[in-house]
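> Please see the structure below; I have some questions.
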Amino acid sequence: MERGEGGVQQFDVEKKANYTVEANPRFSGYQSMHVTERDETKPWKPAKTIEVTHADGTKESVDAMVPAFMFTDRNGDQISVQVGTVEHIDNLHFKGEDLGSRFQEPDIQTLFADAAKRMPEGLVARKGIFTFDLDMGKEMGKEGLASLEELVNDGVVRPEDVALIRSVKAEVQALNKESDSAKMRAFVEAFSQQHPDARIQFSLIREDRAIVPTVSAPKRSTSKLFVMMGPDDQGKTTLFTMAPGRDMPRHPIRGQHTSREGQFDEATFQQSADAWFETVMLSGK
């Protein structure tokens, strides 16, 4: 590691890499980050304020949109990583406070340095929200999802389990579209009580904002890195998330398919809703 201009930490990456990545020293060695306030005016309710516990144990309330890292390509174009994104990746994919994939990378700084070596050129020129995956050439961690087809082929679930969840597909999709957490919670509990022996159950994820099928099976090792990027409030490219695993469908969360102007995208929501009846989360270790 070396120092860049202004004392900013710059991580060493291979000369052939398309990007360098720099860390905001303000957050160097932080202990933890937690959302303390969300922006309720936006349909997807993004983090608004983050409580950061610094290396020395002091706490600070930080605007979630403050850049914590910055990727820079050979043309000088930049991709920000906001504090809110760092909190999301850290608590979900490192510390594991919710269902999802788990990194075996030692920390986020290492993850971003590794990603910078393999991210493709031209990301800043892409329009809208987009996703892709990268083969990192090493084990990245445990992937917390699988397709129904592979789980049936492996004997983890039975065809009758698949038929059962598909029988309630329309109801689940309608609940996700309505986005009433109390109704969704009631459905998940009722399904479990009515079908206790079913190998595929349903779970509420992402702060009770979506119902997805889940299977109590171990997560699977993967060498892939999933990446989601898109425009921030100023229209500049920002990283939304990274997780170990393949390119996966966006969650069927209404807010994730609603524009900043409040317009709901029926088509992309339906694509995600359908995809999450071919894809399930793995709830095992």
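> Which condition breaks for R209 when tested against (1) crowded, with 19+ Cβ neighbours inside 10 Å; (2) touching a helix residue (DSSP H, G or I) at 6+ places or on another chain (Cβ under 9 Å); (3) at pLDDT 95 or above?
All conditions are met except number (3).
> Could you count how many residues in the stretch 119-131 are touching an Asp or Glu at 6+ places or on another chain (Cβ under 7 Å) and either exposed (fewer than 15 other Cβ atoms within 10 Å of the Cβ) or assigned to a loop (DSSP other than H, G, I, E, B) (or both)? Please lay out each step first, then the result.
Residues of the stretch 119-131 that are touching an Asp or Glu at 6+ places or on another chain (Cβ under 7 Å), as a first pass: 121, 124, 131.
Next, from what is left, pick out any that are either exposed (fewer than 15 other Cβ atoms within 10 Å of the Cβ) or assigned to a loop (DSSP other than H, G, I, E, B) (or both): 121.
Residues that pass the stated criteria total 1.
> Please enumerate the residues belonging to the stretch 187-204 that are closer than 20 Å to H251 by Cα and either surrounded by fewer than 12 Cβ atoms within 10 Å (Cβ to Cβ) or aliphatic (A, V, I, L, M) (or both).
V188, I200, L204
> Still on this structure: Would you call G230 in contact with a Leu (Cβ under 7 Å, 6 or more places away or on another chain), closer than 28 Å to F94 by Cα and of a type in the set (G, A, S)?
Criteria not met by G230.
> D114 is checked against (1) within 19 Å of M248 (Cβ to Cβ); (2) in a helix (DSSP H, G or I); (3) not aliphatic (A, V, I, L, M) and fails just one. What number does that condition carry?
Condition (1) is where D114 drops out.
> Checking the structure you have, find out if any residue of the stretch 179-195 is of a type in the set (A, V, I, L, M, F, W, C) and in contact with a His (Cβ under 8 Å, 6 or more places away or on another chain).
Of the stretch 179-195, the ones of a type in the set (A, V, I, L, M, F, W, C) are 182, 184, 186-188, 190-191.
Within this subset, residues satisfying the condition of being in contact with a His (Cβ under 8 Å, 6 or more places away or on another chain) are none.
Among the residues of the stretch 179-195, not one is of a type in the set (A, V, I, L, M, F, W, C) and in contact with a His (Cβ under 8 Å, 6 or more places away or on another chain), which makes the answer no.
> Right, another one. Condition check: closer than 23 Å to G96 by Cβ and either buried (at least 20 other Cβ atoms within 10 Å of the Cβ) or of a type outside the set (A, V, I, L, M, F, W, C) (or both). Does R250 satisfy that? Don't jump to the end; show me each part of the working.
Details: closer than 23 Å to G96 by Cβ: yes; either buried (at least 20 other Cβ atoms within 10 Å of the Cβ) or of a type outside the set (A, V, I, L, M, F, W, C) (or both): yes.
In short, yes.
> May I pose another question? Return the pairs, sorted by first residue and then second, in which the second residue is acidic (D, E) and surrounded by fewer than 16 Cβ atoms within 10 Å (Cβ to Cβ), the first residue lies in the stretch 46-59 and is more than 18 Å from T85 (Cα to Cα), the beta carbons are less than 7 Å apart, and the residues are 6+ apart or on different chains.
As it stands, the answer is K59/E51, since those pairs meet every condition given.
The values are calculated or read from the model by the stated rules, or taken from the named source; none is laboratory data. Please read these numbers as outputs of a predicted model, since none were measured by experiment. Every residue, glycine among them, receives a Cβ derived from its backbone with ideal geometry; neighbour counts consider all protein chains shown.
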